Amino acid sequence: MRNPFKNIGPGALIAAAFIGPGTVTVCTLAGVQFGYGLLWAMTLSIVATVILQETAARIGLVSGKGLSQVLREQLPDGILRKLILGLVLAAIVVGNAAYEGGNISGGVLGLQALGNDGIIDLKGFQLNGYSLLIGAVAFVLLYIGNYKVLEKVFLVLVILMSLSFVITAILTGPDLFDLLKNAFIPGVPEGSLLMIIALVGTTVVPYNLFLHASLVNQKWKDKRELPAARKDTIIAVVLGGIVSMCIIIAAAAINGSTVDGAVGLAQSLEPLYGEAARYCIGLGLFAAGITSAITAPLAGAYVAQGCLNLGGNQQSKPFQATWMLILFTGVLLATFGIKPIAIIQFAQIANGILLPVIAGILIWLANRSNFLGSHKNSTLKNAISLVILIITLILGGKVILTVIGSL
């Protein structure tokens with residue numbers, strides 16, 4: 001009997017990576033405040049993410065190298081290369097360390113939505129046991145350092161997350177015609193512009209590009225397997241987008257409420273649709289948190305390895321030291337409830353600059369015949385990529401202006 005999961009590759013990890021606690025929160029707020037009205041923004045996000053991720057995966061598979069290593073080798077030697085690699089290190093490694101506490105905290109909130117708060121009292125000193133548990137699970141999986149193990153674990157978690165939010169959306173009994181109309185016909189309700197930007201920004205994530213280019217070589221070794229890698233990317237990103245849409249759909253059932261996140265959504269839906277809604281959202285948020293808690297340190301380690309030319313594999317000391325630092329930082333922040341505001345603001349600015357820079361570099365690399373040969377971009381892909389580049393410029397500019405305005 002043919003195994004339907006045989007050709008599943010790193011797409012599952014990428015889908016899990018962009019559906020983190022932040023995405024769950026943004027989608028919840030979009031549904032509560034605007035109903036189905038912004039589903040089209042998720043459709044746009046899916047298209048943009050498919051194009052960028054496919055380009056990153058193609059570059060990774062054809063070159064046999066991670067994206068940060070490709071940048072170090074392909075960019076002309078000089079100040080520009082140093083600036084770009086420094087920006088990548090700052091945005092991905094420092095940024096992921098700052099955001100890791102939020103990833104773990106999201107998983108904790110999911111578990112707390114299921115019942116117990118997980119607080120451990122040690123002679124008056126309180127610790128969050130759930131954050132330690134999530135950190136320990138992430139540590140074990142990353143320490144094993146086996147791609148096939150990660151692939152299987154993430155496949156299970158993505159299925160759990162998908163079923164959780166899809167079932168929740170079905171429970172609310174959405175109007176299918178209204179749903180399809182809003183998914184494909186753009187509309188900008190009053191006061192929704194910032195939310196549209198947030199929906200696209202939480203889906204098109206810079207560190208996923210680096211993670212994908214590195215992981216694709218763990219699954220496939222021959223450029224003739226590009227069609228399989230492309231299919232894996234499309235299926236995974238579309239599935240991830242559907243999950244995000246389902247969160248919006250579920251939240252739209254309580255349109256006009258003051259719900260401020262996924263836990264509030266679970267509490268609001270339970271009286272209407274029973275305990276099943278709370279359990280589904282709790283499990284979905286837990287899966288979103290723990291998958292992002294694993295992929296963020298992994299991406300940071302790949303980036304540091306390529307930018308600093310450290311060499312080695314997932315078992316090398318520098319690689320392990322990088323992901324351990326990011327993971328331990330996140331556990332510390334989540335366990336003690338620390339919010340490193342200044343570091344997060346720095347990371348947001350760095351990511352705001354990095355997104356259009358990397359999108360532009362991907363287009364440049366994807367058009368180099370001496371680099372990709374016959375696998376370079378087609379005219380259609382270039383046209384779509386240029387539109388996406390403009391979108392990333394708007395996104396990046398908005399993030400930078402928002403952070404500067406809050407200082």
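The values are calculated or read from the model by the stated rules, or taken from the named source; none is laboratory data. Values in this document were obtained by computation on a predicted structure and should not be read as measured data. No Cβ is skipped: glycine too gets one built from the backbone with ideal geometry, and neighbour counts run over all protein chains shown. For accessibility, only protein heavy atoms count, side chains too; no ligands or nucleic acids. Shrake-Rupley method; radii C 1.70, N 1.55, O 1.52, S 1.80 Å.
Quick notes
- Taken over the range 375-388, the criterion of being open to solvent by 40 Å² or more (accessible area, probe 1.4 Å), part of a helix (DSSP H, G or I) and either within 23 Å of residue 72 (Cα to Cα) or modelled with pLDDT under 85 (or both) is satisfied by 375 alone.
- Count of residues meeting criterion [open to solvent by 40 Å² or more (accessible area, probe 1.4 Å) and not basic (Lys, Arg)] in the range 301-324: 9
- Residue match in the range 353-374 (condition: among the hydroxyl-bearing types (Ser, Thr, Tyr), buried (at least 17 other Cβ atoms within 10 Å of the Cβ), in a helix (DSSP H, G or I) and over 18 Å from the mean Cα position of the chain (by Cα)): no
- Some residue of the range 337-346 being open to solvent by 30 Å² or more (accessible area, probe 1.4 Å), closer than 30 Å to residue 265 by Cα, of a type outside the set (A, V, I, L, M, F, W, C) and part of a helix (DSSP H, G or I): yes
- Of the helices (runs of 4 or more DSSP H) that lie entirely inside the range 11-74, those containing 1 or more residues that are surrounded by fewer than 24 Cβ atoms within 10 Å (Cβ to Cβ) and not charged (D, E, K, R) span 21-34, 39-63, 67-74.
- Applying a threshold of 9 Å to beta carbon distances and a minimum spacing of six or more residues, or different chains, the list of pairs starting in the range 328-341 at a residue that is closer than 16 Å to residue 292 by Cβ and among the hydroxyl-bearing types (Ser, Thr, Tyr) and ending at one that is open to solvent by less than 60 Å² (accessible area, probe 1.4 Å) and modelled with pLDDT under 80 reads 329/340.
- Any chance residue 99 is touching a residue at least 24 places away in the same chain (Cβ under 8 Å), outside any helix (DSSP H, G or I) and surrounded by 22 or more Cβ atoms within 10 Å (Cβ to Cβ): no
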